[in-house]
1. If we scan the range B:275-286, do we find a residue that is touching a residue at least 12 places away in the same chain (Cβ under 8 Å), under 29 Å from B:VAL35 (Cβ atoms) and touching a Cys at 6+ places or on another chain (Cβ under 7 Å)?
2. Scan the range C:257-305 for residues that are part of a helix (DSSP H, G or I), surrounded by fewer than 17 Cβ atoms within 10 Å (Cβ to Cβ) and among the hydrophobic types (A, V, I, L, M, F, W, C) and jot them down.
3. Taking the range A:306-320 as the search range and keeping residues that are aliphatic (A, V, I, L, M) and assigned to a strand (DSSP E or B), which one is surrounded by the most Cβ atoms within 10 Å (Cβ to Cβ)?
4. Within the range A:68-103, restricting attention to residues that are touching a Phe, Trp or Tyr at 6+ places or on another chain (Cβ under 8 Å) and within 20 Å of A:TYR149 (Cα to Cα), which residue is surrounded by the fewest Cβ atoms within 10 Å (Cβ to Cβ)?
5. Of the conditions (1) within 13 Å of chain B (Cβ to nearest Cβ); (2) under 24 Å from A:ILE160 (Cβ atoms); (3) surrounded by fewer than 24 Cβ atoms within 10 Å (Cβ to Cβ), A:ASN63 satisfies every one except a single condition; which number is it?
6. Name the residues in the range A:6-26 that are assigned to a helix (DSSP H, G or I) and not aliphatic (A, V, I, L, M), would you?
7. So which residues in the range D:208-222 are touching a Phe, Trp or Tyr at 6+ places or on another chain (Cβ under 9 Å) and within 14 Å of chain A (Cβ to nearest Cβ)?
8. Looking at A:GLY252, A:GLY225, which is the one that is within 14 Å of chain B (Cβ to nearest Cβ) and surrounded by fewer than 24 Cβ atoms within 10 Å (Cβ to Cβ)?
Protein chains: 4
Amino acid sequence: MNFYSDNVAGAAPEVLAALTEGAAGSMMSYGADPVTARVKARIRGLFETEAEVFPVATGTAGNALAMSVLCPPFGAVYCHAGSHAQVDECGAPEFYTGGAKLMPLEGANGKIAADDLDRALAHGGAGDVHHVQPAALSFTQLSECGTAYTVAEIAALAGIAHGHGLGVHMDGARFANALVALGCSPAEMTWKAGIDILTLGGTKNGCMAAEALVVFKPELARELGFRRKRAGHLFSKMRFLSLQLEAYLADGLWLRLAAHANAQAARLAAGLRTVPGIEIAYPVDGNQIFVAFPPAVREGLAAAGFGFSTWDERLSRLVCAFNTDPADVDALVTATARLSEKAA
Amino acid sequence: MNFYSDNVAGAAPEVLAALTEGAAGSMMSYGADPVTARVKARIRGLFETEAEVFPVATGTAGNALAMSVLCPPFGAVYCHAGSHAQVDECGAPEFYTGGAKLMPLEGANGKIAADDLDRALAHGGAGDVHHVQPAALSFTQLSECGTAYTVAEIAALAGIAHGHGLGVHMDGARFANALVALGCSPAEMTWKAGIDILTLGGTKNGCMAAEALVVFKPELARELGFRRKRAGHLFSKMRFLSLQLEAYLADGLWLRLAAHANAQAARLAAGLRTVPGIEIAYPVDGNQIFVAFPPAVREGLAAAGFGFSTWDERLSRLVCAFNTDPADVDALVTATARLSEKAA
Amino acid sequence: MNFYSDNVAGAAPEVLAALTEGAAGSMMSYGADPVTARVKARIRGLFETEAEVFPVATGTAGNALAMSVLCPPFGAVYCHAGSHAQVDECGAPEFYTGGAKLMPLEGANGKIAADDLDRALAHGGAGDVHHVQPAALSFTQLSECGTAYTVAEIAALAGIAHGHGLGVHMDGARFANALVALGCSPAEMTWKAGIDILTLGGTKNGCMAAEALVVFKPELARELGFRRKRAGHLFSKMRFLSLQLEAYLADGLWLRLAAHANAQAARLAAGLRTVPGIEIAYPVDGNQIFVAFPPAVREGLAAAGFGFSTWDERLSRLVCAFNTDPADVDALVTATARLSEKAA
Amino acid sequence: MNFYSDNVAGAAPEVLAALTEGAAGSMMSYGADPVTARVKARIRGLFETEAEVFPVATGTAGNALAMSVLCPPFGAVYCHAGSHAQVDECGAPEFYTGGAKLMPLEGANGKIAADDLDRALAHGGAGDVHHVQPAALSFTQLSECGTAYTVAEIAALAGIAHGHGLGVHMDGARFANALVALGCSPAEMTWKAGIDILTLGGTKNGCMAAEALVVFKPELARELGFRRKRAGHLFSKMRFLSLQLEAYLADGLWLRLAAHANAQAARLAAGLRTVPGIEIAYPVDGNQIFVAFPPAVREGLAAAGFGFSTWDERLSRLVCAFNTDPADVDALVTATARLSEKAA
């Protein structure tokens, strides 16, 4: 009954089977193997474009590498004030870019508003030698508040960013969850809407540790191989990243897993909404729910063995994963109702 | 019949089984899981000391992180001129240290000689504000030429380094192969001989992608968690690194795998030594052999489907792995003999 | 009639004379000259403590070097949202620290409030591997709004910072102006109040280009010589920095120059306050005034040849320098009065 | 009688006079002053091309900034093993480039041989993801051994470098001395021979602290303003750098000063060559002489108050400056002769 995060889940059986099966025999290292070639082709197919693909093992590595090719050391990356890059990566973007500055923007529901971005860039100091130079926009899909940017919102943000000469990065840690939520195609949610480079997440949705940098502008790919290597993120036995991604993206597994996680979150939200006194903070677009439990209820749930994280003074975060058991969801709702009644 | 490197091998069945078995159920992320706790305890047991342990996925990450806590940005890391850190990491040490300088030392058989280190440090510019400051010694065990530093050699190097105020890092990409070769204990080959921090390799010897930084001086561990995180090397689903390491280190698996690889290399060397005109370049202490094939032989072997790498104008490198088939070894020897005869 | 900044002024005649006089003859380079030794002794005398002293040529260099010894690459520097370090140094702190993060705090009158710092540090994520680690407080005296932190305010901030394990840096670009404003001693305004390292500014107050890092904690000085050198800020002909500083600090010149600048700013403020419709935004503690001119007045002043800078939509910044002519001050007041009347 | 270095000399009277004269009145800061505009125009005139010009205060800053726009963090800068950048800048190139690697090349008389560069680049690992990528050539004119690259040698090196896709930087710490030695034009010694970016030294030849980055390829200038600022090398009172450079380059002062220094070195070399047992190590092209004194002579000279530096076990370095007194030169020769006789 662990709703702490989607990274407390293990890995999907299909992914594990692929690893076991693909482990036999020799394959050339550092990506010169047939599995990696197949994964690249598959991603190009899914995204309907000639993207360059760089598998990595963590989202932080993917995000920071992406920023390092979008933003010079004297540049600025615009992001949400609550974004993973700003808050939860211990300075990885600064490290990989060689000291660039993140420019945090507030925004309702964890999303950057187009107007706020526009206003910030109007005062961004472009061309002024005393200021870091606006270079990139990075935002998270699903956002850290569990909300999905619509395709129109993405296009608006990317349009403003491009209009000011910035490159655009999408942190797709929960890309599949967003895709399922919006019901659009990978191409529509990315390069067709103006994304230049994407961290395509697999880890949170059934892989062990596998992400792919998907680069839609070829000139951004030129440095990435070298930067990945010197960051220690070029796997010698690359096949083991690629096998995960191959299984993940085969036969729609990624979408099925995300759909399951989203459905459990929706089930959880629907259940909690029936409980008086329980408030859900943001639109539940994907697999994350932010709940204002009364303190007694929150403590009661924790005591009963339900795991979730403290988001801020008021909110708890509950995350459903590819393998969340509906029975656990129902148990949580039932326990909440019981505890609420008791507290009332 | 791929002798290109030990990283062209897949993963040991025991490691894969552990992953599959450990994938079920929820576990807290970022290392707060019971597997990681067990691995740390096991490593402490094996090394007979209270070391701090940081699992990472690649050797380059491990090495560069180690250097980043030994060496300030204005410091110098002494290493062999042919070392992985100097030649094959695309500047990872420089990246992680914030711009430190590697000071390459020549040395026979891929090993740094104590006298050479002493002489270099005597002219190292310690205290001179114009010079990078000698801060660390890093060497590879097995060396890049397949040779093992003896315990006495390690102690001599570490003694000199410590005498000049340097920290000492061992790149143990092939640690188990060296251990088997020397027949000593992990403790004897490391902290008892003066090693301050070790990259304990698993990837080349049967893991998918798993190494552990083993830190023998507690003050060196203080920054490592933060540095690992900002480098994108803190796995959210850490259990999947730890499961590999746990299986790898259980019941002597790591030593059995290394012993197999070493034995195949010895078999290969013995076989090749019976062929007139074939020269083996360095002592074959572990699982790597460097062979001066006559060009016609080398080309004949390649044409016959034997994979190995070009080391320099004269030498080819052949590496045996945990899963090298003795039949492949014998086939290579037979083919070499046949081609040599033909060429003569 | 240039009130644009105190850096549009030239240099004090005493400083120039010292340069000319000290230029003759040979002196050892890189700081091993007698002038530098005398300057260090003088600063120790003025600050009544055994500080380490490192002359540099720019305030940005001084500030960034100071932060680089207070804050690790994975650390955070708390500063005012409008501080020079945050806004006007094109990422120098990030560069010198190897990618640390500035944590901007709002605060009235350009000053960080103790409570705000305390609250921010309470949520600073100390010990959390996902967060940059709070490492330093840096604030500007005079602040960027021309206000002076009182000794009590400095002590309060430093106390909170130290209580959380942070080091404390004072950017003293206008140190002398603040000293004159507060009427306290250099020691009282710095180490006695908890400052660990100071950028003692000379450039804005009569030097050509000379600042001194004054380090009150010996352990912070250990790395500074190397860091200054590799940043290209160790002058070979160091005497020319030291000669400026020596003349600047001799016979109270620095205090006389600052007193003059402050007095002109006070005169200007007093004059402008007599003009109806003119608002002065912050307390005028030193040599900077922030004025809300009606647009017509502002444009009229510019057209009449008065130079000043636009601070934001509402405010203009006017700065008096060591050589500001009282007649220019009076002319500005008179012109403002005339233009205001006309506009009314 | 200080022959320790040309940086033990003070500053030329013309430079000091310009500073004093130009210090009066207000000028806009950060380079928006008329003196800086005039200096840029003068340098363009002297170099007969539309170069971009960036004044800085130290050669280390100039060199490191130059490399930072030629070489990415994962790149390599080829230089002489004895070059200032490699040996004497405490890692400044690594710092400014974000961790690039210097690739030191041996070479007689302090000069890189074209063949050696060609051979090194042929094995430079271009395109190999495991290797730092060859990006720049940097060499020193005069070399650290006091020798001048001929125009043909420069063109050969630059041709090879460009042929491999590298940019070319000249560290012109003693540019004027080389120019006088070769008798060619600034254009011939730089961009006409393939130099992309030059550190034009002034400090060692009569300035207090003034160098200019002269950028012959406009695309290399794009980032320099930002990089200079964030390195703390954008002077607020820029006029004081520009006034030095203006005076230095006016009416051939720089050439006269260099000619004097070179002439004194020639006089010194000629004198020493008449003394039996005294060996001069490299061609004396400019103002530096490397002498193998018998130990007794060397000690005698030091005891007699002659200052010079120890270059290595065998050689002493003696440097003449713009203000070296011929009487001091003659005194040194006489003393050497006397001591040699006594020792014999």
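1. Checking the range B:275-286: not a single residue is touching a residue at least 12 places away in the same chain (Cβ under 8 Å), under 29 Å from B:VAL35 (Cβ atoms) and touching a Cys at 6+ places or on another chain (Cβ under 7 Å).
2. C:ALA263, C:ALA270, C:ALA296, C:ALA302, C:ALA303
3. The initial filter retains those residues of the range A:306-320 that are aliphatic (A, V, I, L, M), namely A:315, A:318-319.
If we keep only those that are assigned to a strand (DSSP E or B) as well, we get A:318-319.
On the way: A:LEU318: 31, A:VAL319: 27.
Residue satisfying both the conditions and the ranking: A:LEU318.
4. Filtering the range A:68-103 for residues that are touching a Phe, Trp or Tyr at 6+ places or on another chain (Cβ under 8 Å) and within 20 Å of A:TYR149 (Cα to Cα), the one surrounded by the fewest Cβ atoms within 10 Å (Cβ to Cβ) comes out as A:MET103.
5. Evaluating A:ASN63 over (1) within 13 Å of chain B (Cβ to nearest Cβ); (2) under 24 Å from A:ILE160 (Cβ atoms); (3) surrounded by fewer than 24 Cβ atoms within 10 Å (Cβ to Cβ) leaves (3) as the failure.
6. Looking only at the range A:6-26, we keep the residues that are assigned to a helix (DSSP H, G or I), and these are A:6-8, A:13-22.
Residues satisfying the conditions are A:ASP6, A:ASN7, A:PRO13, A:GLU14, A:THR20, A:GLU21, A:GLY22.
7. Matches in the range D:208-222: D:ALA221 only.
8. Numbers: A:GLY252 fails: within 14 Å of chain B (Cβ to nearest Cβ).
After applying the criteria, what remains is A:GLY225.
The values are calculated or read from the model by the stated rules, or taken from the named source; none is laboratory data. The model shown is predicted, which means the values in this text are computed figures rather than measured ones. Methodologically, a virtual Cβ is constructed for each residue, glycine included, from the backbone with ideal geometry; neighbour enumeration extends over all protein chains shown.
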